[in-house]
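The values are calculated or read from the model by the stated rules, or taken from the named source; none is laboratory data. Given the structure is predicted, the values throughout are model-derived calculations rather than measurements. Note: ideal-geometry Cβ built from the backbone for every residue, glycine included; neighbour counts use all protein chains shown. Only protein heavy atoms, including side chains, enter the accessible area calculation; ligands, DNA and RNA are left aside. Shrake-Rupley method; radii C 1.70, N 1.55, O 1.52, S 1.80 Å.
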Amino acid sequence: MSYLIQGETGDWEVVIGLEVHAQVISKAKLFSGAATDFGAEPNTQVSPVDAGMPGMLPVINETCVEQAVRTGLGLKAAINLTSVFARKNYFYADLPQGYQISQYEAPIVGEGTILLDLPDGSTRAVGIERLHLEQDAGKSLHDQHPSKSYIDLNRSGVALMEIVSKPDMRSPEEAGAYLKKLRSILRYLGTCDGNMEEGSMRCDCNVSVRPVGEAGYRTRCEIKNVNSVRFVMQAIEYEARRHIDVYEEGGTIQQETRLFDSAKGETRSMRSKEHAHDYRYFPDPDLLPLVLSPDFVANIEASLPELPDEKKERFMRDFALSPYDAGVLVADKATADFFETVARGRDAKMAANWVTGDFFAALNRSGRSIEDPPVTAANLGGLIDLIADNTISGRIAKEVFELMLETGKPPAVIVEEKGLKQVTDTGAIEGVIDTVLAQNADKVAEYKSGKDKLFGFFVGQVMKASQGKANPALVNELLKAKLG
Amino acid sequence: MSLDKATVRTIANLARIEVRDEELDHLAGELSNILHFVEQLSEVNTDGVEPMTSVAALELPRRADVVSDGNCRERILANAPEADDGFFLVPKVVE
Amino acid sequence: MTALTRLTIAEARDGLARGDFTAMELTEAHNRAVEAARGLNAFITETPELAMEQAAASHERIRTGRAGALEGLPLAIKDLFCTEGVLTTAASHILDGFVPPYESTVTANLKKAGAVMVGKTNLDEFAMGSSNMTSHYGGVENPWRKRGDNRPLVPGGSSGGSAAAVAARLGLGATGTDTGGSIRQPAAFCGIVGLKPTYGRCSRWGIVAFASSLDQAGPMTRTVRDAAIMLGAMAGHDPKDSTSAPLPVPDFEKALSGDIRGLKVGIPREYRPEGLAEEIAAVWERGIAWLKDAGAEPVEISLPHTKYALPTYYIVAPAEASSNLARYDGVRYGLRVEGATLDDMYRKTRAAGFGAEVKRRVLIGTYVLSAGYYDAYYAKAQKLRTLIAGDFKTAFESVDVILTPTAPSAAFPLGEKMDDPITMYLNDVFTVPTSLAGLPGISVPAGLNGEGLPLGLQLIGRPFDEETLLRVADVMEKAAEFKALPAGVEA
């Protein structure tokens, strides 16, 4: 599927690379013992180290190192046993030390791959350039006062993983799929909660365009800190169009940093980033090179959970699901677990239909989460069992499902209470059939004279008369015999 | 390498130190002298020599992931030239 | 009570233990001496009341048999160490009014050992200088005078206030910090002992950073034994400093056996450059003879990259400083000069807050790290550092310590060598290589020059072998019989 933008001069291709800042799940900060919880009172989660006080020194949090390695392994990436922390020097009000401790020439994780799950069920590989550990900056609030900005350092020093993709994406949809997949992997690994609204996952988009067939890349612009998948897609679409318009009017694109205005759906130049930067990276002399033993990495590797790609493969293999169904079910680990509980030992296709169909719809309607579902996996499984052993029909099952939503009761109880048990007593059904045939003697005559289509009519009447409880297969069989 | 006034202005800007125009000449001279002095190093062949990363032949120590600091806003803000409502204040930044 | 200020740390410790005098008397005597010697400008902040409180607490601990290693002993603290609740300036205008909410590890260790703080000593701004003339609080006078010449002399730098205070008997000892010679050179200029330990021996946590890969705290005292005692209290592994060595602290005082027979003493030929002052060469020769007489064996060695140490240092140290000093921005503490925009505020604050030498180093450091120049300067300098450290490593395969002069001259008059930064930088020519290699070095007073000014000799040791270093220094000190006193200190 190729995404091309039509311009005045021909078709254009968009080239996208994403830099994702993912907040590491840890109790304390990367280089200090202050807490990392979201939403605390300003400057309450700040140690003298985070405030850049004189003489304060960084000491690295081992869990953050493990999380970075775990993420690297999850991205099928090379782990660098020796990496180096460097200072990135620049001045900003929410950067207390005047430098950010980051990794530059020697990141902890090298090249890796992410497989995108595309809507048609196909996959596409996007390269990971690197992953490195770095400190987050604080937060500036600009709307508190007419002439002042307010600085909160709670976030200052929180561990981030900067995950840089190769410029491998060619459409806003691919960028969206990349973010969703990356978020899914991070959540499976438990290394980042992926919450874009709270800023624990932020995305910088590098966008350029080129005429179809042109080799090499043109000047790119970086759109900073876009905070939802939808906005990333919108920002890329807008920015690509802007580049094409500039080129087609004979202009040139300046490499610059831009902001996405989600209210207007536009990107604009960032005034505070006007100066050309010279970050003067150099190895942080307060720290030594980070050296990992092969055992350290091997232990983390041994503890990795099953990741979405492997789970998808397994679901397709074990449950005979389509790539699309499997992809939908594994995107979220809790959903995949829910599905597995439902499907284990049952008809997997039926389980998949129920989970992705009625259950997802009910989940959406209820506004609840998969962790706190409106119907438990055990009960949904029980419902499928009732269908499978012919206790109820598929149609009645829908009714039972609605009652399960309303009452929270197990399906068997509902079936029992409401007397919805399917009638499989041949005699009883024959009785109903006899009544129906007697009441519709004219239709019976027409049927016998060759109007075969009326068979469906008789089935409907019998089901109706049994209030849906008659076993449809039996009804068919007995009707055929009676009508001879 | 001799530094010209424009270069001195650029690095002073990178270092966020205001330098008056009339200081530039003198400063450029001083800094150039220092650079001439340190440029002796170019006469040493350092091919194949690893740059030193630390004199301490140690492993980077790692701490456990435990909250052991913070929750001391009064102390953090006590020296601030300007603070309000738990925040540090700076001249307004336009993004 | 004057006599109490003349005691060594070892003598005062033993006197307190015997009950010859009380901790309060000892502190009171020092408080009075500090006040009487204000003309030297050795202190930025005097803390006499705090000292008396600490002395009273020490008295109680001595009385109840809980005395620490430095219990009740009045010390001066370089104003580069953050002290909780006490103004800490780094001798810079930019730290105006800064009262740290924390205590540096080294001063906390000293406190734990029972030491009393009489005040915070003057220094070169951010420890950048070799004369103490770059202090925002003005220069410090060396208590020594040339014979028949009453012009004030510099105490050396950057730990000039600490050196002057110890020489003038205003504290039994003082803390210093050494980045390229800032303990050893002022110790030599003031006729005292100054020890820069191995990088990693003392924690850097809570010391205002100048150049992180070089900074190291150490004791400044009147005897080698005192340096050993004080280092024992200052040193130790600190989990808050990633570059702090996880090693136990030996009993340094025990190492002073007086026996150096059979030790090999390296005499590096590169420390005898053309134009080396004759009096310096002469005192070095005497030092070699003393150690030989004591049974050690002098061995000529070569440290071939010595001449590149100073230029290497003047890339590495400013580069790190330019980054370390970025935090002084008028936002969270210290001076702020208002500006229309954030950047304007930064530029004005830092222009007003930093002195000329600090600005020069920040600008040089910014330049050598900037795009396009990093490899030619910073990366090159770090390679030279590898070579310089390698020179020492090779030398220490065949010798146990190295003996050199501490500084190329004796103390010079206040205000001299100020016109050209490089002339000033040359003061550290003999101390900088040790710093670049992270090795321990000690300056011991070795005699007076023709004008009656003290000269020091430097001993350099293997990494974390301060014991051997102190043992040799102790022997040399005894041989030198340095008994001269600075002007104003009564014999």
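Observations
Each row is one residue, and each column tells you yes or no for (1) among the hydrophobic types (A, V, I, L, M, F, W, C); (2) touching a residue at least 24 places away in the same chain (Cβ under 8 Å); (3) open to solvent by less than 10 Å² (accessible area, probe 1.4 Å); (4) on the phi > 0 side of the Ramachandran plot.
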| site | (1), (2), (3), (4) |
| --- | --- |
| C:A90 | yes, yes, yes, yes |
| C:I94 | yes, yes, yes, no |
| C:P101 | no, no, no, no |
| C:S104 | no, yes, yes, no |
| C:S130 | no, yes, yes, no |
| C:R151 | no, yes, no, no |
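- Residue count, the stretch C:108-163 (criterion: hydrophobic (A, V, I, L, M, F, W, C) and assigned to a helix (DSSP H, G or I)): 5
- Tally, over the stretch C:341-354, of residues that are surrounded by 18 or more Cβ atoms within 10 Å (Cβ to Cβ) and either among the hydroxyl-bearing types (S, T, Y) or at the interface with chain A (Cβ under 9 Å from one of its Cβ atoms) (or both): 4
- Filtered residues of the stretch C:435-466 (kept if away from every other protein chain (no Cβ under 14 Å), aliphatic (A, V, I, L, M) and within 17 Å of the chain's Cα centre (by Cα)): C:I442, C:V444, C:L455, C:L457, C:L459
- When the stretch A:62-98 is filtered for residues that are assigned to a strand (DSSP E or B), at the interface with another protein chain (Cβ under 10 Å from one of its Cβ atoms), more than 30 Å from A:P305 (Cα to Cα) and of a type outside the set (K, R), only A:N89 remains.
- Within the stretch A:216-245, if we keep just the residues that are touching a strand residue (DSSP E or B) at 6+ places or on another chain (Cβ under 8 Å) and part of a loop (DSSP other than H, G, I, E, B), the residue that is nearest to the other protein chains (Cβ to nearest Cβ) turns out to be A:N227.
- C:L195 being surrounded by 24 or more Cβ atoms within 10 Å (Cβ to Cβ), touching a strand residue (DSSP E or B) at 6+ places or on another chain (Cβ under 8 Å), of a type in the set (A, V, I, L, M, F, W, C) and outside any loop (DSSP other than H, G, I, E, B): yes
- Residue in the stretch A:140-152 that is buried (at least 20 other Cβ atoms within 10 Å of the Cβ) and part of a loop (DSSP other than H, G, I, E, B) present: no
- Given (1) part of a helix (DSSP H, G or I); (2) modelled with pLDDT under 85, index of the condition A:G468 fails: (1)
- Residue that is at the interface with another protein chain (Cβ under 8 Å from one of its Cβ atoms), more than 30 Å from A:L57 (Cβ to Cβ) and not in a helix (DSSP H, G or I), where the choices are C:E338, C:E274: C:E338
- A:T191 meets all of the listed conditions (1) of a type in the set (S, T, N, Q); (2) part of a strand (DSSP E or B); (3) farther than 20 Å from A:L4 by Cα but one, namely (2).
- The residue that is nearest to the chain's Cα centre (by Cα), counting only those in the stretch B:1-34 that are charged (D, E, K, R) and at the interface with another protein chain (Cβ under 7 Å from one of its Cβ atoms), is B:R16.
- Any hit, the stretch A:442-461, residues being of a type in the set (S, T, Y) and open to solvent by 30 Å² or more (accessible area, probe 1.4 Å): yes
- The residues of the stretch A:81-120 that are within 28 Å of the chain's Cα centre (by Cα), surrounded by fewer than 24 Cβ atoms within 10 Å (Cβ to Cβ) and polar (S, T, N, Q), listed by number, are A:S102, A:T113.
- In summary, B:V19 fulfils each of the numbered conditions (1) surrounded by 18 or more Cβ atoms within 10 Å (Cβ to Cβ); (2) in contact with a His (Cβ under 9 Å, 6 or more places away or on another chain); (3) at pLDDT 95 or above with the single exception of condition (2).
- There is at least one residue in the stretch C:232-252 that is more than 24 Å from C:F126 (Cβ to Cβ) and assigned to a helix (DSSP H, G or I).
- Condition met for C:G390 (open to solvent by 10 Å² or more (accessible area, probe 1.4 Å) and either under 30 Å from A:F282 (Cα atoms) or in contact with a Phe, Trp or Tyr (Cβ under 7 Å, 6 or more places away or on another chain) (or both)): yes
- Residue within the stretch B:9-19 that is of a type outside the set (G, A, S), within 24 Å of C:Y328 (Cα to Cα) and touching a Leu at 6+ places or on another chain (Cβ under 6 Å) present: yes
- Considering (1) farther than 22 Å from A:S171 by Cβ; (2) in contact with a strand residue (DSSP E or B) (Cβ under 6 Å, 6 or more places away or on another chain), the lone condition that A:G98 does not fulfil carries the number (2).
- Contacts under 6 angstrom Cβ, first residue in the stretch B:35-49 being at the interface with another protein chain (Cβ under 7 Å from one of its Cβ atoms), partner at pLDDT below 95 and surrounded by 15 or more Cβ atoms within 10 Å (Cβ to Cβ), 6 or more apart: B:F37/C:I422
- Any helices (runs of 4 or more DSSP H) falling wholly within the stretch C:355-434 and containing at least 2 residues that are more than 8 Å from chain B (Cβ to nearest Cβ), at pLDDT below 95 and out of contact with any Leu (no Cβ under 7 Å at 6 or more places or on another chain): C:421-425
- Residues in the stretch A:207-245 that are open to solvent by less than 50 Å² (accessible area, probe 1.4 Å), in contact with a Lys or Arg (Cβ under 7 Å, 6 or more places away or on another chain) and over 17 Å from A:S269 (Cα atoms): A:V209, A:R210, A:V229.
- Among the residues of the stretch C:36-69, the one identified as within 22 Å of the chain's Cα centre (by Cα), surrounded by fewer than 18 Cβ atoms within 10 Å (Cβ to Cβ) and of a type in the set (G, A, S) is C:G39.
- Identity of the residue in the stretch A:31-52, more than 7 Å from every other protein chain (Cβ to nearest Cβ) and not charged (D, E, K, R), that ends up surrounded by the most Cβ atoms within 10 Å (Cβ to Cβ): A:F31
- Within the stretch A:363-405, considering residues that are of a type in the set (D, E, K, R) and part of a loop (DSSP other than H, G, I, E, B), the one modelled with the lowest pLDDT: A:D389
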